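A.B. asks: Handing you this structure, nothing more for now.
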């Protein structure tokens, strides 16, 4: 599956550089190493990758690159920070409706380590309250990538693609009550664990969340083997659970640890939800 990436780099002088490539990690490394003394970024290193998006069509990618290059700094930063409401407002596009005020929505995010029943719990709760839910996009993406490549390998650019799409799908939900099967907390931990990195736009988004309640799924559910899962050891699962807990506390999110079998979890979540809406 041939992909083309449009990306934005933040330079050491705080200016932004927009480019397009078919290998994001390689191109970023070339920019950072200063492979072209004549390039805009050569004297503006070190650089930071702050945004990227992929396309299947090179022409669409080039068109997007040109579009972003014509944007103001404020509009680029709205894109980088995934502030879709502000981006729509700045675009002044009458075709795009104004996003509903986030304060009117109540979001329940089911998060936590692998194989802790997140997807099952999300779907059961959405059905119980007759509310929409957002599926975990990462699984869809990784299955397609596996079919295309013949193995389970993926890179940082793939994780960022998944994070952007997950957030996009979340932002498109306009119901007053919505359930999310994971959100950017998962990608924050994932990137920290696998690449020892923090992504600014993910941190910015998490720092601005409101009206969101987290259900942190405990690891007391038995591990289920899955070729896409990476941490079957109990000590790793506990460590990751602790990382999730620390992240939720870092941002002062309202959260509840959800333990026990599925009926017990459903009962506890229902009680919390009913007192919150």
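The values are calculated or read from the model by the stated rules, or taken from the named source; none is laboratory data. Note that the coordinates shown come from a computational prediction; the quantities given were computed from them, not determined experimentally. Here the Cβ positions follow ideal geometry from the backbone for every residue, glycine too, while neighbour counts run over all protein chains shown.
A.B. asks: Pull up region 172-189, narrow it to residues that are more than 16 Å from residue 122 (Cβ to Cβ) and either surrounded by fewer than 18 Cβ atoms within 10 Å (Cβ to Cβ) or outside the structural domain of residue 247 (by TED's automatic domain parsing) (or both), then point me to the one that is nearest to the chain's Cα centre (by Cα).
C.D. replies: If we take residues in region 172-189 being more than 16 Å from residue 122 (Cβ to Cβ) and either surrounded by fewer than 18 Cβ atoms within 10 Å (Cβ to Cβ) or outside the structural domain of residue 247 (by TED's automatic domain parsing) (or both), then 172 is nearest to the chain's Cα centre (by Cα).
A.B. asks: I would also like to ask the following. With out of contact with any helix residue (DSSP H, G or I) (no Cβ under 6 Å at 6 or more places or on another chain) and more than 27 Å from residue 172 (Cα to Cα) as the only criterion, which of 12, 33 stands out?
C.D. replies: Only one candidate passes the filter, namely 33.
The rows are residues; the columns are (1) loosely packed, with under 14 Cβ neighbours inside 10 Å; (2) in the same structural domain as residue 145 (by TED's automatic domain parsing); (3) assigned to a helix (DSSP H, G or I).
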position: 27; (1), (2), (3): no, no, yes
position: 32; (1), (2), (3): no, no, yes
position: 43; (1), (2), (3): yes, no, yes
position: 50; (1), (2), (3): no, no, no
position: 53; (1), (2), (3): no, no, no
position: 62; (1), (2), (3): no, no, yes
position: 66; (1), (2), (3): yes, no, yes
position: 76; (1), (2), (3): no, no, yes
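A.B. asks: Just give me the residues in region 247-260 being free of Cβ contacts under 8 Å to residues at least 40 places away in the same chain and either part of a loop (DSSP other than H, G, I, E, B) or surrounded by 11 or more Cβ atoms within 10 Å (Cβ to Cβ) (or both), in sequence order.
C.D. replies: Hits for region 247-260 are 250, 252.
A.B. asks: Moving on. It is to be established whether one or more residues within region 228-236 are assigned to a helix (DSSP H, G or I) and either under 15 Å from the mean Cα position of the chain (by Cα) or surrounded by 14 or more Cβ atoms within 10 Å (Cβ to Cβ) (or both).
C.D. replies: Yes, region 228-236 contains at least one residue that is assigned to a helix (DSSP H, G or I) and either under 15 Å from the mean Cα position of the chain (by Cα) or surrounded by 14 or more Cβ atoms within 10 Å (Cβ to Cβ) (or both).
A.B. asks: Moving on to the next point. Are any of the residues in region 146-154 surrounded by fewer than 22 Cβ atoms within 10 Å (Cβ to Cβ) and in contact with a helix residue (DSSP H, G or I) (Cβ under 7 Å, 6 or more places away or on another chain)?
C.D. replies: Yes, region 146-154 contains a residue that is surrounded by fewer than 22 Cβ atoms within 10 Å (Cβ to Cβ) and in contact with a helix residue (DSSP H, G or I) (Cβ under 7 Å, 6 or more places away or on another chain).
A.B. asks: Being out of contact with any strand residue (DSSP E or B) (no Cβ under 7 Å at 6 or more places or on another chain) and assigned to a loop (DSSP other than H, G, I, E, B) is the filter here, so list the residues in region 197-213 that pass it.
C.D. replies: Within region 197-213, 197, 198, 199, 208, 209, 210 meet the criteria.
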